[in-house]
Amino acid sequence: MKSLSDSYTLSNGVKIPCVGFGTWQTPDGPTAVAAVKEAIAAGYRHIDTAQMYENESSVGRAVRESDLPRSELFITSKLANPEHGYDETMAAFEGTMRRLEMDYLDLFLVHWPNPAATRERWREANAGTWRAFEELYAAGRVRAIGVSNFRSHHFNALFETARLTPQVNQILLCPGETQDGVRAYCDERGILLEAYSPLGTGRALGDPTLASVAAKYGKTPAQICINWCLRRGWLPLPKSVTPARIRENADVFDFELSDDDADVIASVDLGIKAMDPDTMPF
Ligand code: A2P
């Protein structure tokens with residue numbers, strides 16, 4: 001990858017810009033509008049939001065206020081946890097499209113495999129949700145469909161009724177958390193991995209090992225984390241609301257990590273691990 005507009009190709013042939021702008025924990029309103037507009041001006045072509053982030057309206061507004069045609073941007077959103085099941089998913093999708101004020105979505109993800117609200121019947125609820133996703137895809141309302149936070153047993157259950165394989169799995173991937181089991185599962189099935197919290201929710205920035213690797217390349221810890229994700233074939237989704245950082249996180253294509261340094265980054269312990277999707281209280 002050489003620039004923010006270079007792409008991965010999903011299993012259905014759709015091209016997805018190689019770095020997404022993360023908006024988790026970005027407050028709705030002027031903060032989110034300004035951050036997304038700043039990102040687009042800095043060259044990001046892929047914006048990642050979610051129903052549960054409660055900032056879809058601001059993302060939509062920022063896209064409309066940018067100078068780019070809709071077709072030059074790749075927009076992802078995710079189904080909220082309480083909305084699993086066929087009817088719930090269909091209604092929730094329409095809510096996303098109303099808030100974004102868009103007539104199609106590029107990528108829609110099932111945010112969580114086993115939400116508390118449907119924990120007693122998560123397999124059945126996911127089967128209904130996935131049937132809705134497949135219909136939205138077939139109708140051209142969304143160009144690609146996928147999941148988030150799924151592990152192999154969640155995929156295996158989904159595949160009992162699925163007609164389409166998810167094109168994406170968005171999971172926590174950062175130095176020290178490489179989720180090797182689910183990574184191998186997705187690689188074998190052509191499911192692109194997207195990395196949320198690629199900076200370890202910001203913890204990478206204060207890590208002395210990462211700082212010393214970064215110094216060797218004349219880059220910042222944030223930049224080496226993002227470059228390291230791309231080197232592994234993942235699609236990083238760095239989040240920031242700070243203009244200088246938004247631009248810094250886009251300047252990641254002018255250096256190549258050595259194998260040794262990539263191994264050091266993989267083994268750093270930031271004290272952050274993926275949550276267990278089957279036991280979280282949401
Ligand atoms: P802020 O949004 O206030 O700029 P992650 O993407 O792993 O979830 O990390 C996001 C966190 O890292 C946010 O707190 C964000 O702060 C911070 N952050 C993002 N980019 C940088 C950067 N280049 N330097 C320092 N902190 C950053």
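The values are calculated or read from the model by the stated rules, or taken from the named source; none is laboratory data. Bear in mind that the values here come from a model prediction, so they are computed numbers and not experimental data. Cβ placement follows ideal geometry from the backbone for every residue including glycine, while neighbour counts extend to all protein chains displayed. Calculation scope for accessible area: heavy atoms of the full protein, side chains included, ligands and nucleic acids excluded. Shrake-Rupley method; radii C 1.70, N 1.55, O 1.52, S 1.80 Å.
Taken along the Cα-to-beta-carbon direction at a fixed 7 Å, the label points for residue 119 and residue 41 span 4.5 nm. Here the stretch 60-193 exposes an accessible surface that is 44 percent carbon and sulfur, computed with a 1.4 Å probe and the other protein chains kept in place. Relative to the current alpha-carbon distance between residue 72 and residue 232, full extension at 0.36 nm per residue lengthens the span by 55.1 nm. Spatial offset of the stretch 21-80 relative to the stretch 197-268 amounts to 22 Å, using the alpha carbon center of each. Antiparallel beta bridges, as assigned by DSSP with both residues in the chain, represent about 15 percent of the total such bridges. For the chain, the number of Lys pairs with C-alpha atoms closer than 29 Å, counting only pairs eight or more positions apart or on separate chains, is 20. Between residue 65 and residue 273, the distance separating the two model label sites (each 7 Å from Cα on the Cα→Cβ line) works out to 4.2 nm.
Comparing 119, 131, 45 in a Gaussian network model of the chain where C-alpha atoms under 10 Å apart are linked, the largest mean-square fluctuation is found at 119. Just to confirm a number: summing +1 for Lys and Arg and -1 for Asp and Glu over residues other than residue 180 whose beta-carbon lies under 14 angstrom from that of residue 180, what do you get? My count for the surroundings of residue 180 gives 0.
Note on residue 122: accessible area is roughly 20 Å² with a 1.4 Å probe, heavy atoms of protein only. Ligands, DNA and RNA are left out, and with a 1.4 angstrom probe the accessible area of the chain is 41 Å² per residue. Taking 0.36 nm per residue of sequence separation and removing the Cα-Cα distance, the residue 54/residue 86 pair yields an extension gain of 9.3 nm.
The calculated 222 nm mean residue ellipticity attributable to helices in the chain amounts to -11500 deg cm²/dmol, summing -39500 (n - 2.57) over DSSP H runs of n ≥ 4 and dividing by all residues.
Where both residues lie in the stretch 1-108, what percent of DSSP beta bridges are antiparallel, nearest 5? Expressed as a percentage, antiparallel bridges in the stretch 1-108 total about 30. A simple spin-label model places the labels of residue 266 and residue 9 2.6 nm from each other, with each point 7 Å out along Cα-to-Cβ. Evaluating 6.51 cos²θ - 1.76 cosθ + 1.60 at θ = phi - 60° for every residue in the stretch 113-121, the Karplus couplings come out as x, 9, x, 4, 4, 10, 4, 6, 9 Hz, glycine and proline recorded as x. Of the listed residues 104, 44, the order by accessible area with a 1.4 Å probe, largest first, is 104, 44.
Pull out the extension gain between residue 187 and residue 212, defined as 0.36 nm times the separation in residues minus the alpha carbon to alpha carbon distance; nm, one decimal. Extending this stretch completely gives an extra 5.9 nm.
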